[in-house]
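Asker: The structure under discussion is supplied below as structure tokens; questions concerning it will follow.
The values are calculated or read from the model by the stated rules, or taken from the named source; none is laboratory data. These figures come from a predicted structure and were not determined experimentally. Backbone-built Cβ (ideal geometry, glycine too); neighbour counts: all protein chains shown. We work out accessible area using only protein heavy atoms, side chains counted, and drop any ligands, DNA or RNA first. Shrake-Rupley method; radii C 1.70, N 1.55, O 1.52, S 1.80 Å.
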Amino acid sequence: LSAAFGQAPPTNGLYYFGGPAGSYCDGRLVIDFIAQSLGLPYLSAFLDSVGSNFGHGANFATAASTIRPQSTTLNQGGFSPISLNVQYYEFHDFVVRSQVVRKRGGVFETLMPKEEDFSSALYTFDIGQNDLTAGYFLNMSKDEVKAYVPDDIYNEGGRYFWIHNTGPVVCLPYVMECIPVLAGQIDEYGCASPFNEVAQFFNQGFVLTMGFNERTAGFKQPLRTCCGHGGKYNYNKKLGCGAKIYKHGKEALVGAPCQDPSTYVNWDGVHLTQAANNYIFERIVNGSFSRPSDAIKHGLLGEL
């Protein structure tokens with residue numbers, strides 16, 4: 001999304017990269033920890049034409065993307081126009097075009113994957129949460145959102161898949177602030193439990209299960225946003241992370257980050273902090289968040 005529509009603004013990336021790095025987080029994402037654990041550089045975004053190296057892989061994901069194409073623009077609905085089908089078209093083109101470019105030789109040969117790499121590569125999917133929230137923002141009922149859940153994800157060419165469940169959607173400040181939640185619907189963790197049932201329904205079709213209990217993970221702020229402004233959850237959709245206003249003729253930062261993001265689960269009301277991403281990654285690798293639990297630990301990814 002940053003490559004197509006402009007970089008995620010400061011203070012994104014501040015606590016690890018020293019500045020914006022193409023993602024909405026104070027530092028690294030789960031995919032960054034995956035690459036790091038394999039001894040690989042971080043993946044270049046497919047749409048980023050500046051300084052990209054695809055020799056070790058490519059990232060087709062965007063922030064705010066959905067499985068199903070949305071009927072609104074990015075400005076209207078807040079969701080990426082680069083939905084899963086577009087990402088698949090990009091991947092399909094990349095398979096063909098990368099080999100054309102690679103045959104030029106020289107530096108191009110090192111910047112593009114080999115043809116045989118596509119059948120041995122690990123394909124990761126982390127998508128679906130925005131399909132659920134898009135339904136809620138259209139004032140759909142819980143049952144209507146269930147019916148809206150996409151039926152299937154399938155990719156040709158790959159044989160090894162790492163598929164992430166969607167998380168507890170209505171523990172996120174931007175959802176809690178934007179949909180009506182009754183007091184009796186709040187569970188012991190402060191989340192809207194009826195709406196999270198839909199996320200569990202969505203996850204039934206996946207091969208990897210994930211539970212995320214923020215309080216037992218040692219985070220002091222399981223629900224409140226680290227980088228934001230105002231409200232119960234320090235979240236305001238009109239004044240998000242990095243937002244500035246003019247006051248008395250001077251520019252003032254109101255969407256400032258918290259002092260210690262490592263104690264927060266949520267970075268900007270929508271996306272997780274680096275600390276939360278690392279927490280998830282570590283439990284995927286040790287098997288507690290993975291099915292089968294020893295697949296990652298022993299390097300045995302199920303062939304599909």
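Asker: Check ARG28 against each of (1) among the basic types (Lys, Arg); (2) over 17 Å from the mean Cα position of the chain (by Cα); (3) buried (at least 16 other Cβ atoms within 10 Å of the Cβ) and name the one condition it does not meet.
Answerer: (2)
Asker: Here's a check for you: in region 118-135, which residue that is outside any helix (DSSP H, G or I) and closer than 30 Å to GLN99 by Cα is modelled with the lowest pLDDT?
Answerer: ILE127
Asker: Of a type outside the set (S, T, N, Q) and in contact with a Ser or Thr (Cβ under 7 Å, 6 or more places away or on another chain): does that describe ALA61? Spell out the reasoning first.
Answerer: Values: of a type outside the set (S, T, N, Q): yes; in contact with a Ser or Thr (Cβ under 7 Å, 6 or more places away or on another chain): no.
No; evaluated as a whole, the condition is false for this residue.
Asker: Here's another thing I want to ask about it. Quick one: which residue in ASN277, ASN234 is surrounded by 19 or more Cβ atoms within 10 Å (Cβ to Cβ) and either modelled with pLDDT under 90 or in contact with a Pro (Cβ under 8 Å, 6 or more places away or on another chain) (or both)?
Answerer: ASN234
Asker: Take GLY18 and decide whether it is part of a loop (DSSP other than H, G, I, E, B) and in contact with a strand residue (DSSP E or B) (Cβ under 8 Å, 6 or more places away or on another chain).
Answerer: no
Asker: Filter region 96-120 for residues that are within 16 Å of GLY51 (Cα to Cα) and hydroxyl-bearing (Ser, Thr, Tyr); which is least open to solvent (accessible area, probe 1.4 Å)?
Answerer: SER98
Asker: Here's a check for you: in region 242-274, which residue that is open to solvent by 50 Å² or more (accessible area, probe 1.4 Å) and hydroxyl-bearing (Ser, Thr, Tyr) is nearest to ASP32 (Cα to Cα)?
Answerer: We begin by selecting, within region 242-274, every residue open to solvent by 50 Å² or more (accessible area, probe 1.4 Å); these are 244-251, 253, 259-260, 262, 271.
Next, only the ones that are hydroxyl-bearing (Ser, Thr, Tyr) stay: 246, 262.
Numbers: TYR246: 36, SER262: 17 Å.
Among those that are open to solvent by 50 Å² or more (accessible area, probe 1.4 Å) and hydroxyl-bearing (Ser, Thr, Tyr), it is SER262.
Asker: Additional query: So if I check each of GLN76, GLN70, GLN87, which one is touching a residue at least 12 places away in the same chain (Cβ under 8 Å), part of a helix (DSSP H, G or I) and farther than 29 Å from ASP260 by Cβ?
Answerer: Details: GLN76 fails: touching a residue at least 12 places away in the same chain (Cβ under 8 Å); GLN70 fails: part of a helix (DSSP H, G or I).
The match here is GLN87.
Asker: Could you tell me which numbered condition ALA61 fails, if it satisfies all but one of (1) in contact (Cβ under 8 Å) with a residue 24 or more places away in the chain; (2) over 16 Å from GLY128 (Cα atoms)?
Answerer: (2)
Asker: Tally time: how many residues in region 12-29 are of a type in the set (Gly, Ala, Ser) and within 18 Å of THR225 (Cβ to Cβ)?
Answerer: 3
Asker: If you don't mind, another one. What are the residues in region 78-95 that are of a type in the set (Gly, Ala, Ser) and open to solvent by 30 Å² or more (accessible area, probe 1.4 Å), if any? Walk me through it before giving the result.
Answerer: Taking region 78-95 first, the residues of a type in the set (Gly, Ala, Ser) are 78, 80, 83.
Correct list: GLY78 only.
Asker: Please go through region 31-64 and pick out each residue that is of a type in the set (S, T, N, Q) and crowded, with 19+ Cβ neighbours inside 10 Å.
Answerer: Residues of region 31-64 of a type in the set (S, T, N, Q): 36-37, 44, 49, 52-53, 59, 62.
SER44, ASN59, THR62 - these are the residues of region 31-64 that are of a type in the set (S, T, N, Q) and crowded, with 19+ Cβ neighbours inside 10 Å.
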